[in-house]
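Visitor: Quick one: the structure is below, and I'll ask about it shortly.
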Amino acid sequence: MGLHNYNSKDKVLMAVDCIIFGFDHDELKILLIKRNFEPEMGKWSLIGGFLKKEEGLDQAAIRILHHLTGLHDIYMEQLYAFSKVDRDPAERTISVAYYALIDIASHDEDLIQLDSAKWFSMKKAPQPIFDHNQMIQRAITRLRRRALSKPIGFELLPEKFTMRQLQKLYEAILDKKLDKRNFINKINSLGILEKLDEKDMTVSRKGAYLFKFDQEKYNRRVLEGFSFKL
């Protein structure tokens, strides 16, 4: 195929949109940004940007996320491509969505303080522009599936956490109440947590033991044929 054949083809823009989930005060939250340009100026949007000629999609997602949050090395996964012809009224644009997981409490000081960016509870978030709500719903579905089959939920927690925090996280992700005894028994049976000699004394007079996710033990168990399943 000659270059003239390429030149004769339609050109479209390629965007990357990031669905950023956080966990804080027993709630699953999402980071949205107030749009400062038309179309839909002043409305809430996912954080995104356009693909540059010299980068791949993963590189673009990492760049966009770091530019707007200041964070490196967080869990991120490519989700889906959205290509409806009229999805962006300004220009024909295909968007590849990614979702990312951030522990708000541990990274709050690291996040770049953008006046236009805000964390919203998933239950109270405003309606975003274009097809961004479809992206969010698809990301939630993927997050729920992943959380039940891989230990990605720990990305939303501080390094040290209580069993109650872990249960509240899974309740927030799955949007349902879990039986405390069954949940603790299931988690303990996985053998991938390290119980610490430290307690969180803010929850009660006796306090609650703190735990850590043991990544090395999990990796070893996977090699032995272990399958994470809740």
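The values are calculated or read from the model by the stated rules, or taken from the named source; none is laboratory data. All figures in this text were calculated on a predicted structure; none of them were measured in a lab. Backbone-built Cβ (ideal geometry, glycine too); neighbour counts: all protein chains shown. What goes into the accessible areas is simple: the full protein's heavy atoms, side chains included, and nothing from ligands, DNA or RNA. Shrake-Rupley method; radii C 1.70, N 1.55, O 1.52, S 1.80 Å.
Visitor: What's the total number of residues in region 31-73 that are touching a Ser or Thr at 6+ places or on another chain (Cβ under 8 Å) and loosely packed, with under 13 Cβ neighbours inside 10 Å?
Guide: 1
Visitor: Here is a list: GLU55, GLU38. Which entry is over 13 Å from ALA100 (Cβ atoms), out of contact with any strand residue (DSSP E or B) (no Cβ under 9 Å at 6 or more places or on another chain) and modelled with pLDDT of 95 or more?
Guide: Answer to the selection: GLU55.
Visitor: ILE184 passes all but one of (1) touching a helix residue (DSSP H, G or I) at 6+ places or on another chain (Cβ under 8 Å); (2) part of a helix (DSSP H, G or I); (3) under 15 Å from LEU101 (Cβ atoms); (4) not basic (Lys, Arg); which number fails?
Guide: Checking ILE184 against (1) touching a helix residue (DSSP H, G or I) at 6+ places or on another chain (Cβ under 8 Å); (2) part of a helix (DSSP H, G or I); (3) under 15 Å from LEU101 (Cβ atoms); (4) not basic (Lys, Arg), the one that fails is (3).
Visitor: For region 186-196, give me each residue that is farther than 16 Å from LYS150 by Cβ and either among the aromatic types (Phe, Trp, Tyr) or modelled with pLDDT of 95 or more (or both).
Guide: Answer for region 186-196, where residues must be farther than 16 Å from LYS150 by Cβ and either among the aromatic types (Phe, Trp, Tyr) or modelled with pLDDT of 95 or more (or both): GLU194, LYS195, LEU196.
Visitor: Is there a residue in region 83-91 that is of a type in the set (S, T, N, Q) and either within 18 Å of the chain's Cα centre (by Cα) or surrounded by 19 or more Cβ atoms within 10 Å (Cβ to Cβ) (or both)?
Guide: Checked region 83-91: no residue is of a type in the set (S, T, N, Q) and either within 18 Å of the chain's Cα centre (by Cα) or surrounded by 19 or more Cβ atoms within 10 Å (Cβ to Cβ) (or both).
Visitor: Another one. Tell me whether region 200-211 contains one or more residues that are modelled with pLDDT under 95, open to solvent by less than 80 Å² (accessible area, probe 1.4 Å) and touching a Leu at 6+ places or on another chain (Cβ under 8 Å).
Guide: yes
Visitor: I would also like to ask the following. Which of the residues spanning region 126-181 are surrounded by fewer than 18 Cβ atoms within 10 Å (Cβ to Cβ) and among the small types (Gly, Ala, Ser)?
Guide: Correct list: SER149 only.
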